[in-house]
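**Student:** Shown below is the structure under consideration.
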Amino acid sequence: MSDPQTILVAGGAGYIGAQACKALAARGDSPVAVDNLSAGHEWAVKWGPLEVCDILDGAALEKIIEAYKPSAVLHLAGLISVGESVAQPETYFENNVEGTRSLLHAMAKGGVTRIVFSSSAAVYGTPQRTPISEDHPLSPENPYAETKVAVEGLLSDAAVRGDLSYVSLRYFNAAGADPDGESGEAHDPETHLIPLALDAAMGRRETLDVYGEDYPTPDGTCIRDYIHVADLADAHLRALDYLAAGGDSCCLNLGNGNGFSVREVIRACEAAAGSAISAQTKPRRPGDSPELVSDSAAARRILNWTPRFPDLDQQIAHAWQWHERYFG
């Protein structure tokens with residue numbers, strides 16, 4: 001896109017949000033990070049201003065939009081832990097769904113009509129077929145996934161009314177870190193496999209829990225599709241450009257189309273770190289599907305998007321570079 005734009009990035013102090021802000025700034029746009037810092041980090045906001053604000057605070061959002069006059073919104077603000085959502089469903093619906101409703105209302109008041117939403121492959125539940133394409137039935141199996149489906153519904157309703165246009169990006173498993181080592185994953189508590197495995201390799205935890213090794217997969221552990229955080233950020237920018245060019249609202253999968261088992265990920269982490277990882281098998285977790293692999297042909301076609309870092313070893317090398325720098 002030729003003309004620089006101001007883009008409001010809700011959740012801009014988070015893992016993926018920070019990477020999106022960097023990508024925006026690199027092409028000459030002006031990202032404005034909006035984050036309540038409940039899970040994001042002030043140090044992650046390096047490529048534009050930070051407005052500390054909860055998206056449930058509609059009045060504050062309206063003032064921020066009035067002040068910066070963004071042309072579009074990247075919406076990555078949300079609670080993300082499946083287990084926590086089971087224990088605290090009301091909190092998840094309040095933050096993720098009502099927070100989005102508040103954001104959409106503030107956008108409408110400020111005349112902002114384009115939004116790219118951070119959704120999840122969790123909306124599909126246990127897949128009936130794999131790889132999973134966007135026409136797969138939605139079957140959320142936990143409150144976190146239910147909130148993603150609910151937000152997609154809010155966006156669809158608003159688009160039908162003519163209030164906005166949107167792209168909902170259904171991520172598979174985000175992985176890696178900024179290739180330049182400037183930002184990366186630092187959740188507290190951490191729930192994602194790769195940083196947990198790197199913690200074990202570094203000695204920050206004694207063992208890594210492997211949930212189930214009796215799945216109908218080649219080595220008995222779950223298979224997942226890992227997508228580099230920089231490739232996710234690039235897809236967000238392409239989605240912004242697509243909407244700015246008048247593209248129709250849509251939902252798109254983001255993945256590489258390749259599946260790797262938990263054991264394969266552990267071996268790759270051991271190779272990157274140069275140390276063994278002690279893993280212990282635990283019972284299966286409810287709702288864990290044997291295999292989740294994306295069919296992302298639509299995103300490749302519609303957004304002209306091609307992942308730069310599809311290789312698992314490269315993703316983990318970047319994650320390890322960040323892990324050593326941040327936790328070492």
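**Student:** Calculate the dipole size of the chain relative to its Cα centre from +1 charges on Lys and Arg beta carbons and -1 charges on Asp and Glu beta carbons; express the result in debye to the nearest 20. Don't skip to the answer; put the middle values down first.
**Tutor:** Details: 25 positive and 45 negative charges, 104 e Å.
Dipole size: approximately 500 debye.
**Student:** Would you work out the charge dipole size for the stretch 46-170 about its Cα centre, treating the Cβ of every Lys and Arg as +1 and the Cβ of every Asp and Glu as -1, and quote it to the nearest 20 debye?
**Tutor:** Values: 10 positive and 16 negative charges, 96 e Å.
That gives the stretch 46-170 a dipole magnitude of about 460 debye.
**Student:** Turning to a different aspect of this structure: In debye, nearest 20, what is the charge dipole magnitude of the stretch 87-142 about its Cα centre with +1 on Lys and Arg Cβ and -1 on Asp and Glu Cβ, if you could check? Each step should come with its number before you reach the end.
**Tutor:** Values: 4 positive and 6 negative charges, 55 e Å.
That gives the stretch 87-142 a dipole magnitude of about 260 debye.
**Student:** Here's a follow-up. By how many nm would the segment from Met202 to Asp248 grow when fully extended, if each residue of separation counts as 0.36 nm and the alpha-carbon distance is taken off?
**Tutor:** Details: separation 46, 0.36 × 46 = 16.56 nm, distance 4.62 nm.
Using 0.36 nm per residue and subtracting the Cα-Cα distance, I get 11.9 nm.
**Student:** Also: Can you tell me the accessible area per residue over the stretch 137-289, all protein chains present, probe 1.4 angstrom, in square angstrom? Write out the running numbers ahead of the final one.
**Tutor:** On the way: 6040 Å² over 153 residues.
Counting only protein heavy atoms, the per-residue value for the stretch 137-289 is 39 Å².
**Student:** On to the next question. I'd like to know which of Gln88, Leu164, Leu50 lies farthest towards the positive end of the charge dipole of the chain, counting +1 on Cβ of Lys and Arg and -1 on Cβ of Asp and Glu.
**Tutor:** Leu164
**Student:** Net charge near Thr6: determine it from the other residues with C-beta under 9 Å of the C-beta of Thr6, scoring Lys and Arg +1 and Asp and Glu -1.
**Tutor:** Around Thr6, the charge tally is 0.
**Student:** Which residues in the stretch 243-268 place their backbone N less than 19 Å from a point set 7 Å from the Cα of Gln280 along the Cα-to-Cβ direction?
**Tutor:** Answer for the stretch 243-268: 263, 266.
**Student:** Same structure, new question: Considering only protein heavy atoms, what per residue accessible area in square angstrom results for the stretch 47-116 with a 1.4 angstrom probe?
**Tutor:** Details: 3240 Å² over 70 residues.
Value for the stretch 47-116: 46 Å² per residue.
**Student:** At 222 nm, what value in deg cm²/dmol follows for the chain if DSSP H runs of at least 4 each add -39500 (n - 2.57) and the sum is divided by all its residues, to the nearest 500? Let's see the in-between values first.
**Tutor:** Details: 11 runs with 124 residues, N = 328.
It lands at -11500 deg cm²/dmol.
**Student:** For Ser38 and Ser139, calculate 0.36 nm times their separation in residues minus their Cα-Cα distance, and state this gained length in nm to one decimal.
**Tutor:** On the way: separation 101, 0.36 × 101 = 36.36 nm, distance 2.87 nm.
The Ser38-Ser139 span can extend by a further 33.5 nm.
**Student:** With each pseudo-label sitting 7 Å past Cα toward Cβ, what's the Ile302-Ala25 distance in nm, one decimal?
**Tutor:** 3.0 nm
**Student:** Picking from Asn36, Asn258, Asn304, which is most flexible by a Gaussian network model of the chain using Cα springs under 10 Å?
**Tutor:** Result for the chain, Cα springs under 10 Å: Asn304 fluctuates most.
**Student:** Could you state the number of Å between the C-alpha centres of the stretch 127-152 and the stretch 186-257?
**Tutor:** Result: 16 Å between the Cα centres.
**Student:** Around Val229, with a cut-off of 9 angstrom between Cβ atoms, what is the net charge of the other residues, counting Lys and Arg +1 and Asp and Glu -1? Could the numbers behind the result be given before it?
**Tutor:** Working: positive: none; negative: Asp178, Glu185, Asp231.
Every neighbour counted, the sum reads -3.
**Student:** Related question: Can you pull the percent of the chain's accessible area that's carbon plus sulfur, 1.4 Å probe, other chains left in place? Write out the running numbers ahead of the final one.
**Tutor:** On the way: 6520 of 13700 Å².
The value for the chain is 48 percent carbon and sulfur by accessible area.
The values are calculated or read from the model by the stated rules, or taken from the named source; none is laboratory data. Please read these numbers as outputs of a predicted model, since none were measured by experiment. Counting neighbours? That spans all protein chains shown, and the Cβs are built from the backbone with ideal geometry, glycine included. Remember, those area values only see protein heavy atoms, side chains included, never the ligands or the DNA or RNA. Shrake-Rupley method; radii C 1.70, N 1.55, O 1.52, S 1.80 Å.
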